[in-house]
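K.L.:
Questions regarding the structure given below will be posed in turn.
We did not get these values from a lab; they are worked out from the coordinates using the rules stated. On a predicted model such as this, the values are computed, not experimentally measured, just so you know. Glycine also receives a Cβ, built like all others from the backbone with ideal geometry; neighbour counts cover every protein chain displayed.
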Amino acid sequence: MKKIIVTGCNGQLGRAVNLFFKENQDISFVNTDVGELDITNIDKVMELAREVQPYAIINCAAHTGVDACETEYDKAFKINAIGPRNLSIAARETGAKLMHISTDYVFDGKGTRPYVETDATNPQGAYGSTKLAGEEFVKDFAGRYFILRTAWLYGDGKNFAKTMLRLSESNDKVRVVGDQFGSPTSASELTKAINALLFTENYGLFHATCEGSCSWAEFAGEVFRLAGKSTAVEAITTEEFGAPAPRPAYSILENRMFKLTTDFMFADWHEAIAEYMKTL
Ligand SMILES: NC(=O)c1ccc[n+]([C@@H]2O[C@H](COP(=O)([O-])OP(=O)(O)OC[C@H]3O[C@@H](n4cnc5c(N)ncnc54)[C@H](OP(=O)(O)O)[C@@H]3O)[C@@H](O)[C@H]2O)c1
């Protein structure tokens, strides 16, 4: 029986990971969220890892509030950087593998072709810079790690698709950013990718997003189409939307390491959102 510690188990990814491995008799999960294990507390992290002696730690915990990170930099740094550092130290000491999740926001979004794992990073905001610091700590401290950079993640929790459906209840038209491009990725597809790596020795940094890409406005249009809604989408600019934190305009990631080192293929984003909509 392989024991796996999951952090941030109540988040979108934490829930998807639990659902995916529910039937697997060879795995026993030690599920934790901030109440059971605050990943920013090194003593608690070490204590649990020493007690459990896990096969792996899957870090689903993060401060994902992109705008809030700007005004809560220290809190974001603790959760997004010091947390993964603590988990890395614990993983190394106990011989566990570490599965850590990062983001497209490590890039500046000025690219003109999909980013590959070896491209230079240049985060524009607090969320991206704290997540990048987390990646660096994992590389420094964990021995056997997987870092998966994903993007535009949605699953069981508060997400873009649900926000659009809620807005459509009281609006005939919604205004959605049309000049940011990325790859919407379901937590369920990301979990399949985690499964494809976790039991291997294929360590390192991986881009991990659904295939294909779109703008947020196109993504909203597809959500409405699948839900049978006639709500119109008006594409607006990032400037018009006016969010507090900067966001990369172009954040399409190429899953190059997955393609070159595994047989795993991510679903196209259209298929993944169609699957997700069936669960609502
Ligand atoms: N969501 C996206 O669009 C997106 C895009 C790219 C990458 N990612 C990355 O994907 C991963 C999973 O994201 P997600 O959307 O599943 O996140 P999420 O839904 O925000 O879940 C994160 C979980 O971590 C918990 N948490 C916060 N601080 C903690 C702490 N100190 N110790 C332990 N748990 C703590 C949160 O609890 P509270 O809710 O109580 O704070 C929450 O349950 C993250 O690494 C994220 O950076 C997400």
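K.L.:
If I take every Cα pair under 8 Å that is 6 or more residues apart in the range 121-211, average their sequence separation and divide by the length, what percent do I get for the relative contact order?
P.N.:
Details: 72 pairs, mean separation 36.2, N = 91.
Worked out over the range 121-211, it gives 40 percent.
K.L.:
If you don't mind, another one. Net charge around Ala142, counting only other residues with Cβ within less than 10 Å of its Cβ (Lys, Arg = +1; Asp, Glu = -1)?
P.N.:
Here the charged neighbours net out to +4.
K.L.:
How many nm is it between the label spots at Asp26 and Arg175, if each spot is 7 Å from the Cα in line with the beta carbon?
P.N.:
5.3 nm
K.L.:
Magnitude of the Cβ-charge dipole of the chain, K/R +1 and D/E -1, about the Cα centre, nearest 20 debye?
P.N.:
So the dipole magnitude of the chain works out to roughly 380 debye.
K.L.:
Sort Ser186, Ser168, Ser88 so that the residue with the fewest other Cβ atoms within 10 Å of its own Cβ comes first and the one with the most comes last.
P.N.:
Fewest-to-most Cβ neighbours within 10 Å comes out as Ser168, Ser88, Ser186.
K.L.:
Same structure, new question: Check Asn122: other-chain or 5+ apart residues with amide H under 5 Å from its amide H, H built from backbone geometry?
P.N.:
When sequence neighbours closer than 5 places are left aside, the close amide H contacts are Phe107, Asp108.
K.L.:
What does the charge add up to near Ala267, with Lys and Arg as +1, Asp and Glu as -1, over the other residues with Cβ less than 13 Å from its Cβ? Display every interim value, and only then the final one.
P.N.:
Details: positive: Lys192; negative: Glu189, Glu211, Asp268, Glu271, Glu275.
Counting the neighbours of Ala267, the net charge comes to -4.
K.L.:
Further, regarding this structure: Let me check against my output: what whole-number percent is the relative contact order of the chain, with C-alpha pairs under 8 Å and at least 6 apart?
P.N.:
Across the chain, relative contact order equals 20 percent.
K.L.:
Order of Asp263, Asp74 from fewest to most other C-beta atoms within 10 Å?
P.N.:
With the sparsest Cβ surroundings first, the list reads Asp263, Asp74.
K.L.:
Still on this structure, please answer the following. What is the calculated FRET efficiency for Arg113 to Thr261, with r their C-beta to C-beta distance and R₀ = 22 Å, to the nearest 0.05?
P.N.:
Efficiency, from the Cβ-Cβ distance: 0.60.
K.L.:
Residue by residue through the range 259-266, which ³J(HN,Hα) values in whole Hz follow from phi under the Karplus form 6.51 cos²θ - 1.76 cosθ + 1.60 (θ = phi - 60°), with glycine and proline marked x?
P.N.:
Each residue of the range 259-266 in turn: 5, 7, 10, 9, 8, 6, 10, 5 Hz.
K.L.:
Would you kindly state how much longer the chain becomes between Met1 and Met277 on full extension, computed as 0.36 nm times their sequence separation minus their alpha carbon distance, in nm to one decimal?
P.N.:
Gain in length upon complete extension: 96.0 nm.
K.L.:
Here's a follow-up. For the range 168-280, calculate the relative contact order in percent as a whole number, restricting contacts to Cα pairs under 8 Å that are 6 or more residues apart.
P.N.:
Normalised by residue count, the contact order of the range 168-280 is 44 percent.
K.L.:
What residues have an amide H closer than 5 Å to that of Val6, excluding those fewer than 5 places away on the same chain, when H is modeled at 1.01 Å from N in the peptide plane?
P.N.:
Result for Val6 returns Val30, Asn31, Thr32, Ile58.
K.L.:
So who's got an amide H within less than 5 Å of the one on His63, skipping anything under 5 residues away but keeping other chains? H placed 1.01 Å off N, in plane.
P.N.:
Asn80
K.L.:
For a quick check: sort Ile39, Ile57 by the number of other beta carbons within 10 angstrom, fewest at the front. Please report the intermediate quantities before stating the final value.
P.N.:
Values: Ile39 26, Ile57 30.
Lowest to highest Cβ neighbour count: Ile39, Ile57.
K.L.:
Could I ask something else about it? Would you kindly derive the ³J(HN,Hα) couplings of the range 200-211 from the backbone phi angles with the Karplus curve 6.51 cos²θ - 1.76 cosθ + 1.60 (θ = phi - 60°), listing them in order in whole Hz, with x for Gly and Pro?
P.N.:
Coupling constants for the range 200-211: 10, 9, 7, 7, x, 9, 10, 7, 9, 9, 4, 6 Hz.
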